[in-house]
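Read through the structure below, which is laid out as structure tokens, and then see the notes.
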């Protein structure tokens, strides 16, 4: 069976939640979500008391330690970011949280080159509806395989 935590964490965001900016050197456009989207996803998956974050500087980098409660087991993943030119330390904190969230699967699809076309339209699998359909099909396939295995062994 598909891990329900993983499925919920990796679910794409609505297009309305996505923002775009020029990448380094203006070479290409990058899509991103904001830190509030990450917090909202964590609340939806774990509840408001099922996750926590702490921050510390290591050198010039802000490090986020993001901990999530998976059915009684706390798992912590960390990532960091430099202070931003726009919001300084606040931007570094937000970026560090987003990067730590990616380690749990939140918004990871945004880094896949084929997720969006040149008109900023998502691939079918990079939409909520498309993702849900693919996950439902995979779940049905695994369930059928499981039942078929029971029949052949029993």
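The values are calculated or read from the model by the stated rules, or taken from the named source; none is laboratory data. These figures come from a predicted structure and were not determined experimentally. Here the Cβ positions follow ideal geometry from the backbone for every residue, glycine too, while neighbour counts run over all protein chains shown.
Residues checked against (1) in contact with a strand residue (DSSP E or B) (Cβ under 6 Å, 6 or more places away or on another chain); (2) assigned to a helix (DSSP H, G or I); (3) within 17 Å of residue 110 (Cα to Cα):
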| residue | (1), (2), (3) |
| --- | --- |
| 6 | no, yes, yes |
| 12 | no, no, yes |
| 37 | no, yes, yes |
| 44 | no, yes, no |
| 54 | yes, no, no |
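Say we look at the range 64-115 and pick out the residues that are in a strand (DSSP E or B) and crowded, with 19+ Cβ neighbours inside 10 Å; which of these is modelled with the lowest pLDDT? Even if it seems obvious, please write down each step before you answer.
Taking the range 64-115 first, the residues in a strand (DSSP E or B) are 64-70, 73-82, 84.
Okay, now just the ones that are also crowded, with 19+ Cβ neighbours inside 10 Å, so 64, 66, 68, 79-81.
Values: 64: 96, 66: 98, 68: 98, 79: 94, 80: 91, 81: 85.
Checking each candidate, the answer is 81.
Would you call residue 56 surrounded by 12 or more Cβ atoms within 10 Å (Cβ to Cβ), at pLDDT below 95 and over 20 Å from residue 76 (Cβ atoms)?
Considered against the rule, which asks whether it is surrounded by 12 or more Cβ atoms within 10 Å (Cβ to Cβ), at pLDDT below 95 and over 20 Å from residue 76 (Cβ atoms), residue 56 comes out as no.
Listed residues 121, 28; which is modelled with pLDDT of 95 or more and more than 23 Å from residue 3 (Cβ to Cβ)?
121
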